[in-house]
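Below: the structure, in structure tokens.
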Amino acid sequence: MNNKEFLKQAKAYSEPFCVTKGKKFRLKDVNPADTLDFESDEKPQAEEALATGVEVLAELQEKLWAQDRWAVLIIFQAMDAAGKDGAIKHVMSGVNPQGCEVTSFKAPSAEELDHDFLWRCAKRLPERGRIGIFNRSYYEETLVVRVHQNFLAGQKLPQNLKTKNIWKRRFRDITNFERYLTHNGILVLKFFLHVSKEEQEKRFLARIDDASKNWKFSLNDVREREHWDEYMDAYEQTIRNTASKQAPWYVVPADNKWFTRLVVASAIVENMHALNLDYPKLDEEQLKALEEAKQSLAADERG
Ligand code: ATP
Ligand code: MG
């Protein structure tokens, strides 16, 4: 598959998983084991397509950087072991590290709790010309914080603001924030890597059985798994209420890592391609200056 062919395919690989209108969205409609038309023995073909996608993304990123107008914010959310880290590593493997920054958001620090919940994320937004990746994000505020309300108790909000409307209000605040970002030239893409509970169990067991993966295993992840259904509800509610045309969610089947990565790369390429990025065009005066520089270099060479 060459770069042009990948650009043609990118939509077919990503659009089936794109959610722009939340109202109709149901998590149970997405099968975590889905691989579209790829059969299980076609993993090498998918990997070849991904390699091309990575090249196309690198070219788009160079134009993004040169043009210095747009920025791209890519958000990853998922249950543990769904493959966020691997997706980031593989999909971004071709891009110039100077133009890309990954930020991981963990439980908030004391300083972060002294601010509104968007504060720590707003500080890490990508500059124009760059791709910013959030490994978890402000969406934790309607996911883990909703599942474990002791986190909400620990947030230093005035008591009368901790009402039952708080989640709806957060959905609205997030939607408005993302709209604001798009009005400022930031392309916002959100990925939920949707792994099944069975596949998660397999991956946890592999982390226990394989010594080289032991470091990835955390007892806390097993405890979170006990809240699976609550998490799935929280994800469904979050996606239903925050998917929009300008800031779509991609709900990506995540039981097959090779397929997940292909879908993520395709979605990013598809959306960045739609920005019509290009290298800056020089005006007449700048072209004249280039010509003069060329002549003076040639004169230098002649000695
Ligand atoms: P990995 O396990 O692959 O290293 P991770 O993203 O799971 O990556 P961890 O350090 O294991 O990183 O977990 C970070 C934890 O921080 C997650 O359980 C997440 O839910 C939690 N977290 C993130 N944001 C918040 C928040 N605003 N409030 C409370 N907990 C949060
Ligand atoms: Mg973890």
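Derivation of every value follows stated rules applied to the coordinates shown; laboratory data play no part. Small disclaimer: the values here were computed from a predicted structure and weren't measured. Here the Cβ is made from the backbone with ideal geometry for all residues, glycine too, and neighbour counts use every protein chain on show.
Panel order for VAL144, VAL252, by other beta carbons found within 10 Å of each beta carbon, from fewest to most: VAL144, VAL252.
Result for the chain in a Gaussian network model with C-alpha springs under 10 Å: among ALA51, ALA82, ALA110, the largest mean-square fluctuation is at ALA110. The label-point distance for ASN165 and TYR180, in a model that sets each label 7 Å from Cα toward Cβ, rounds to 1.9 nm. Distance between the C-alpha centres of the stretch 190-209 and the stretch 87-141: 23 Å, rounded to the whole angstrom. Each residue of the stretch 288-296 was assigned a 3J(HN,Hα) from its phi angle through the Karplus curve 6.51 cos²θ - 1.76 cosθ + 1.60 (θ = phi - 60°); the sequence is 4, 4, 4, 4, 5, 4, 5, 5, 6 Hz, with glycine and proline shown as x.
Among the GluC sites (Glu not before Pro) within the stretch 57-135, which fall in a DSSP loop and have no more than 15 other Cβ atoms within 10 Å of their own Cβ?
Details: sites: GLU59, GLU62, GLU101, GLU111, GLU112, GLU127; in loops: GLU127.
Qualifying residues, ordered by number: GLU127.
Here r is the Cβ-Cβ distance between LYS24 and ASN3 and R0 is 51 Å; the resulting FRET efficiency, rounded to 0.05, is 0.90. Backbone phi angles across the stretch 248-257, fed through the Karplus curve with coefficients 6.51, -1.76 and 1.60 (θ = phi - 60°), yield HN-Hα couplings of x, 9, 10, 9, 9, x, 10, 7, 10, 4 Hz in residue order; Gly and Pro are listed as x. Sparsely packed loop sites in the stretch 142-207 (the trypsin sites (Lys or Arg not before Pro) outside DSSP H, G, I, E and B with at most 11 other Cβ atoms within 10 Å) comprise LYS156, LYS164. When only the Cβ of Lys, Arg, Asp and Glu is charged (+1, +1, -1, -1), the dipole of the chain relative to its Cα centre reaches about 1360 debye. Which log10 I(q)/I(0) values, to two decimals, does the stretch 1-56 give at q = 0.23 Å⁻¹ under the Debye formula with one point per Cα? For the requested q values the scattering log ratios are -0.98. Near the amide H of TRP249, within less than 5 Å, lie the amide hydrogens of VAL19, SER244, all on another chain or at least 5 residues away, with H placed in the peptide plane. Only helical runs count toward this figure. For the chain, summing -39,500 (n - 2.57) over DSSP H runs of n ≥ 4 and dividing by all residues gives -15500 deg cm²/dmol at 222 nm. Computed with the Debye formula from one identical point scatterer per Cα of the stretch 1-105, without solvent, the log10 of I(q)/I(0) at q = 0.13, 0.17, 0.18 Å⁻¹ comes to -0.62, -1.08, -1.20.
Annotation: amide H of CYS100 within the under-5 Å range of ILE131, sequence separation 5 or more or interchain, hydrogens built in the peptide plane. Over the chain, the fraction of Cα-Cα pairs per 10 Å bin, rounded to whole percents and listed from the shortest bin up, is 6, 25, 32, 22, 9, 4, 3, 0. Relative to the current alpha-carbon distance between GLU55 and ASP114, full extension at 0.36 nm per residue lengthens the span by 17.0 nm. Between SER93 and GLU15, the modelled label-to-label distance comes to 2.9 nm, taking each label 7 Å out from Cα in the direction of the beta carbon. Of all the options LYS28, LYS43, LYS281, the one that moves most in a Gaussian network model of the chain with Cα springs shorter than 10 angstrom is LYS281. Length, then width, then depth: along the principal axes, the Cα atoms of the stretch 31-177 run 55, 39, 25 Å.
For the pair the stretch 245-303 / the stretch 37-77, the C-alpha centres are spaced 13 Å from each other.
Which of the pairs LYS23/LYS164; LYS43/LYS106; LYS43/LYS63; LYS4/LYS123; LYS156/LYS213; LYS24/LYS164 have their Cα atoms more than 27 Å apart in this structure? Present the calculation step by step, with values, prior to reporting the outcome.
Details: LYS23/LYS164 21 Å; LYS43/LYS106 33 Å; LYS43/LYS63 30 Å; LYS4/LYS123 36 Å; LYS156/LYS213 37 Å; LYS24/LYS164 24 Å.
Exceeds cut-off: LYS43/LYS106; LYS43/LYS63; LYS4/LYS123; LYS156/LYS213.
Looking at the stretch 3-302 alone, DSSP beta bridges between its own residues are antiparallel in about 10 percent of cases.
Each residue of the stretch 82-93 was assigned a 3J(HN,Hα) from its phi angle through the Karplus expression (A = 6.51, B = -1.76, C = 1.60, θ = phi - 60°), giving 7, x, 4, 4, x, 5, 4, 4, 6, 5, 8, 4 Hz with x at Gly and Pro.
Test of understanding: extend the Cα→C-beta vector of GLN286 to 7 Å, then name every residue of the stretch 129-145 with backbone N under 20 Å from that spot. Answer for the stretch 129-145: 129-130. Take every Cα pair under 8 Å whose residues are at least 6 apart in sequence, average their separation, divide by the length of the stretch 3-302, and the relative contact order is 36 percent.
Taken along the Cα-to-beta-carbon direction at a fixed 7 Å, the label points for ALA122 and SER218 span 2.7 nm.
Candidates LEU157, GLN200, ILE131 compared by Cα position along the dipole of the stretch 125-219: farthest toward the positive end lies LEU157, with charges placed on Cβ.
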